[in-house]
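These notes concern the structure reproduced below.
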Amino acid sequence: MIAAVREGRKKEFEAFHHEEDTPDPQAETTYNRSKLNWNSLNENKHQLMLNFYTALIKLRKSLTVLATLNRNQLKVDVFKEQNCLILQRWEGRQEVRCVMNFSPQQQVLPMPNGLEYELQLNSAAIEWGGTNNHPLVFIENNITISPESILIFTSSNV
């Protein structure tokens, strides 16, 4: 059984680890490295990450549309060459749009009439450790998104 778990772990990690970097699930060092270290919250980057996840959870709990998992009320636009996605969810009159940039470059993506949306979260904002401190600009039904970031919008009738 242990050998099967180790082999499965190697396959699971092969996309982002070298074989020698794969953590051994039976090793005590792997266990110790995996435990939460609450003292790390004294470090700014760890406190920032906790605050970011807290904000995401609060957003999810406050929007009915994010709690309703209906495939018929979901649309995803893929921009493969730009390594980006736009995810839309709606429930009744509520709509959420998540604009995601997985690339290391700034991207321009279609976003119709930016005035209808209210920004709820910008992961590239200074408050989350990013460098984006200027307001978002919509030009001709397009939006510019920072590298490796997500923008979460709600419709104006939420």
TODO: For the chain, set up a Gaussian network in which alpha carbons nearer than 10 Å are linked by springs, and say which option among 91, 12, 148 fluctuates the most.
DONE: 12
TODO: Report the extension gain between residue 14 and residue 27 in nm, rounded to one decimal, defined as 0.36 nm multiplied by the number of residues separating them, less their alpha carbon distance.
DONE: 2.8 nm
Open item on the list: Please compute, for the alpha-carbon atoms of the chain, the extent along each of the three principal axes and give them in descending order in Å.
Closed with: 55, 38, 32
TODO: If a/c stays under 1.5 just call it rounded; otherwise compare a/b with b/c (prolate if a/b is bigger, oblate if not). Do that for region 37-117, with a ≥ b ≥ c from the square roots of the Cα gyration tensor eigenvalues.
DONE: oblate
Task: Folded to 0 to 90 degrees: helix 2-13 orientation relative to the chain principal axis, Cα - done: 30 degrees
Open item on the list: Is the C-alpha gyration tensor of region 12-77 telling us rounded, prolate or oblate? Criteria: a/c under 1.5 is rounded; beyond that, a/b larger than b/c is prolate, otherwise oblate.
Closed with: oblate
TODO: Please calculate how many Å² of accessible area region 1-136 carries per residue, with a 1.4 Å probe and no DNA, RNA or ligand atoms counted.
DONE: 75 Å²
Open item on the list: If I take every Cα pair under 8 Å that is 6 or more residues apart in region 75-158, average their sequence separation and divide by the length, what percent do I get for the relative contact order?
Closed with: 36 percent
Open item on the list: Run the helix sum for the chain: -39,500 (n - 2.57) per DSSP H stretch of 4+ residues, divided by residue count, reported at 222 nm to the nearest 500 deg cm²/dmol.
Closed with: -8000 deg cm²/dmol
- [ ] Convert each backbone phi in region 73-90 into a coupling constant with the Karplus relation 6.51 cos²θ - 1.76 cosθ + 1.60 (shift: θ = phi - 60°), then list the ³J(HN,Hα) values in order as whole Hz, x for Gly and Pro.
- [x] 10, 9, 9, 10, 9, 9, 10, 4, 5, 8, 6, 9, 9, 10, 10, 10, 10, 9
- [ ] Starting from the Cα of residue 47, step 7 Å along the direction of its Cβ; do the same at residue 91; then give the gap between the two resulting points in nm.
- [x] 3.4 nm
- [ ] Classify region 41-85 as rounded, prolate or oblate from the Cα gyration tensor: take a ≥ b ≥ c as the square roots of its eigenvalues, call it rounded if a/c is under 1.5, otherwise prolate when a/b beats b/c and oblate if not.
- [x] oblate
- [ ] List the lysines whose Cα lies under 19 Å from the Cα of residue 75, skipping any in the same chain that are fewer than 8 positions away.
- [x] none
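The values are calculated or read from the model by the stated rules, or taken from the named source; none is laboratory data. Note that the structure is predicted; figures quoted are calculated from it, not measured. When we count neighbours, we look across all protein chains shown, and the Cβ atoms used for this are built from the backbone with ideal geometry, even at glycine. Surface areas here come from the heavy atoms of the whole protein model, side chains and all, with no ligands, DNA or RNA. Shrake-Rupley method; radii C 1.70, N 1.55, O 1.52, S 1.80 Å.
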